[in-house]
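The values are calculated or read from the model by the stated rules, or taken from the named source; none is laboratory data. Treat the numbers as computed from the prediction; the structure is a model and nothing was measured. When we count neighbours, we look across all protein chains shown, and the Cβ atoms used for this are built from the backbone with ideal geometry, even at glycine.
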């Protein structure tokens, strides 16, 4: 087998962007900045985002076998954790406070709203874009919501970050919960795809 190692296939994120739109908004067709109705959620900490895929399995044991006779996949969840730096970004604030974005529209420079006693099931479509020079990776989620929120701590020594964990679900017409797109940025990957007769 040929040696296909290539340092250009390493990926070091130089930027990390998150966008939100109404649930089931269609994914943009290319890697340009998404246009309206997508909203950029602003600056993010240098750690970028933490994307997780968790699977749960259950073994089926039976008499006569010391090993499980079958393994059932019982659950598969996909989530992302991001720490946002713009604590007053209206969309970030709406996601963190679990209120409709319309609640943050100011009247004479002030927005006042109640934090919900019961969590609202506010769903959105999300795009998570990562860049490394000409290389790009995009995660598109048609149906997601914030399921965990970090502590809010206004402070004098730094900006107030807002940490959120997003969970993703299948979209309209039972489409995948997460779709990944990769732009190789001109790196030759043909050696990974041998010609088949």
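Suppose the filter is in contact (Cβ under 8 Å) with a residue 12 or more places away in the chain and part of a strand (DSSP E or B); does residue 119 pass it? Answer is no for this residue.
Among the residues of the stretch 107-119, those that are surrounded by fewer than 10 Cβ atoms within 10 Å (Cβ to Cβ) and in contact with a helix residue (DSSP H, G or I) (Cβ under 9 Å, 6 or more places away or on another chain) comprise 112, 114, 115.
Taking the stretch 80-92 as the search range and keeping residues that are farther than 23 Å from residue 138 by Cα and either modelled with pLDDT of 95 or more or out of contact with any strand residue (DSSP E or B) (no Cβ under 7 Å at 6 or more places or on another chain) (or both), which one is surrounded by the most Cβ atoms within 10 Å (Cβ to Cβ)? Quick ask: steps written out before the conclusion?
Initial filter on the stretch 80-92 (farther than 23 Å from residue 138 by Cα): 87-88, 90.
Next, from what is left, pick out any that are either modelled with pLDDT of 95 or more or out of contact with any strand residue (DSSP E or B) (no Cβ under 7 Å at 6 or more places or on another chain) (or both): 88, 90.
Values: 88: 12, 90: 18.
Checked the stretch 80-92; the qualifying residue surrounded by the most Cβ atoms within 10 Å (Cβ to Cβ) is 90.
If the condition is being over 23 Å from residue 169 (Cα atoms) and surrounded by fewer than 15 Cβ atoms within 10 Å (Cβ to Cβ), then the stretch 44-54 contributes 45, 46, 47.
Based on this model, can you work out whether residue 95 counts as under 24 Å from residue 17 (Cα atoms), in a helix (DSSP H, G or I) and in contact with a strand residue (DSSP E or B) (Cβ under 7 Å, 6 or more places away or on another chain)? Outline the logic, then answer.
Details: under 24 Å from residue 17 (Cα atoms): yes; in a helix (DSSP H, G or I): yes; in contact with a strand residue (DSSP E or B) (Cβ under 7 Å, 6 or more places away or on another chain): yes.
Here the answer is yes, as residue 95 does meet what is asked.
Report the residue count in the stretch 151-174 for those that are touching a helix residue (DSSP H, G or I) at 6+ places or on another chain (Cβ under 9 Å) and assigned to a loop (DSSP other than H, G, I, E, B). Result for the stretch 151-174: 1.
Restricting the stretch 120-146 to residues that are within 19 Å of residue 21 (Cβ to Cβ) and surrounded by fewer than 15 Cβ atoms within 10 Å (Cβ to Cβ), the residue that is nearest to the chain's Cα centre (by Cα) is 121.
Remark: pairs (first residue in the stretch 21-35, in contact (Cβ under 8 Å) with a residue 24 or more places away in the chain and at positive phi; second residue surrounded by 10 or more Cβ atoms within 10 Å (Cβ to Cβ) and assigned to a loop (DSSP other than H, G, I, E, B); Cβ separation under 7 Å; 6+ apart in sequence or on different chains) = 24/171.
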